[in-house]
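Data first, discussion second: the structure below is written as structure tokens.
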Amino acid sequence: MPSPADTVARLSAEVDVLASPPPPRPTGYLDATRTATYGFLAALPLFVLYEVGVLLANSGPGQIRVGADVWLKTLLATLGGVGWAAVGVVVLAVGGWAVWRDRERRPPLVPRYFGLIVAESLVYAVVLAFVVGGTVGALFGGWVWPDLALAQLRELGLGLQLALSIGAGLYEELVFRVLLVGGLFWAIQRVTTTDRRRAYLIAAVVGAVVFSAVHHLGPLGDPFTLSVFTFRFLFGLALNAVFLLRGFALAAWTHALYDVLVVTGGL
């Protein structure tokens with residue numbers, strides 16, 4: 001039986017929790033753009049550009065789409081039977097959840113921040129291309145590109161190349177960064193006593209290995225070479241860092257703009 005003093009102390013603690021102020025509202029560009037609200041709103045144009053681009057650029061009865069997009073929609077179809085039509089509903093649901101999650105912080109919606117996100121991502125895309133490419137070049141004695149994938153893309157029209165590049169940035173970041181790395185991090189934290197930093201490092205490395213490996217699978221995959229595998233592995237690690245430090249929207253835009261620069265000859 002708790003004493004009156006213990007009861008008073010417990011009630012006081014509960015009142016303090018209820019009366020505690022909400023988390024500080026992000027006010028600057030760096031803080032605001034890391035929130036879930038900006039992650040959804042800034043990535044939404046990628047979704048629209050990809051879906052409209054694929055619809056307009058594909059010809060014939062079938063549609064060429066990004067592999068990660070097909071995986072997600074096939075999974076939705078398996079779970080609910082309406083996967084290909086349900087993706088729009090899922091996107092809106094995720095956006096609603098993002099806004100609800102930030103309801104107490106209420107990040108300010110500043111229009112110029114969205115332009116800055118694209119500009120910052122472009123800088124990351126160029127820097128990562130040269131850093132990763134230079135590192136692989138130093139290790140293997142030459143600049144490395146995934147030649148088969150690029151050759152296959154160049155057989156398509158420019159409009160479809162751009163749509164697929166944008167879709168890869170969005171859907172591959174969603175699959176490999178949010179679901180895979182985020183899921184691994186969550187699982188490691190739940191089943192082990194590993195601290196957060198080490199857990200994320202393990203998840204990031206495993207995620208980068210899987211990210212690189214899947215590009216060598218299937219009839220459209222690149223033949224395995226250590227140099228190309230290393231290139232994608234290091235690029236996946238770099239995108240993990242962008243995702244961790246700057247959020248989903250920056251990672252998706254960085255990936256998409258990198259792919260666009262590659263297919264247009266900008267890199």
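The values are calculated or read from the model by the stated rules, or taken from the named source; none is laboratory data. Note that the structure is predicted; figures quoted are calculated from it, not measured. Glycine gets a Cβ as well: all are built from the backbone with ideal geometry, and neighbour counts include every protein chain shown. These area figures cover heavy atoms from the full protein model, side chains too; ligands, DNA and RNA do not enter into them. Shrake-Rupley method; radii C 1.70, N 1.55, O 1.52, S 1.80 Å.
The rows are residues; the columns are (1) more than 11 Å from the chain's Cα centre (by Cα); (2) among the acidic types (Asp, Glu); (3) open to solvent by less than 20 Å² (accessible area, probe 1.4 Å); (4) more than 19 Å from residue 69 (Cα to Cα).
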{"site": "172", "(1), (2), (3), (4)": "no, yes, no, no"}
{"site": "176", "(1), (2), (3), (4)": "no, no, yes, no"}
{"site": "188", "(1), (2), (3), (4)": "yes, no, no, yes"}
{"site": "192", "(1), (2), (3), (4)": "yes, no, no, yes"}
{"site": "202", "(1), (2), (3), (4)": "yes, no, no, yes"}
{"site": "207", "(1), (2), (3), (4)": "yes, no, yes, no"}
{"site": "214", "(1), (2), (3), (4)": "yes, no, no, no"}
{"site": "235", "(1), (2), (3), (4)": "yes, no, yes, yes"}
{"site": "247", "(1), (2), (3), (4)": "no, no, yes, yes"}
Going by the structure shown, is residue 163 open to solvent by less than 50 Å² (accessible area, probe 1.4 Å), in contact (Cβ under 8 Å) with a residue 12 or more places away in the chain, touching a helix residue (DSSP H, G or I) at 6+ places or on another chain (Cβ under 9 Å) and in a helix (DSSP H, G or I)?
-> yes
Looking for whichever is within 17 Å of residue 126 (Cα to Cα) and either touching a Pro at 6+ places or on another chain (Cβ under 9 Å) or of a type in the set (A, V, I, L, M) (or both) here; the options are 260, 228, 206, 210. Which one fits?
-> 260
Among residues belonging to segment 68-119 that are open to solvent by less than 30 Å² (accessible area, probe 1.4 Å) and modelled with pLDDT of 90 or more, point out the one that is farthest from residue 210 (Cα to Cα).
-> 113
Give the residue that is modelled with the highest pLDDT, with candidates limited to residues of segment 50-67 that are closer than 16 Å to residue 169 by Cβ and open to solvent by less than 30 Å² (accessible area, probe 1.4 Å).
-> 50
Picking from 237, 244, 257, 180, which residue would you name as being part of a helix (DSSP H, G or I), in contact (Cβ under 8 Å) with a residue 24 or more places away in the chain and closer than 18 Å to residue 46 by Cα?
-> 257
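A quick yes/no check of all residues on (1) within 29 Å of residue 160 (Cα to Cα); (2) at pLDDT below 85:
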| site | (1), (2) |
| --- | --- |
| 3 | no, yes |
| 17 | no, yes |
| 20 | no, yes |
| 32 | no, no |
| 38 | yes, no |
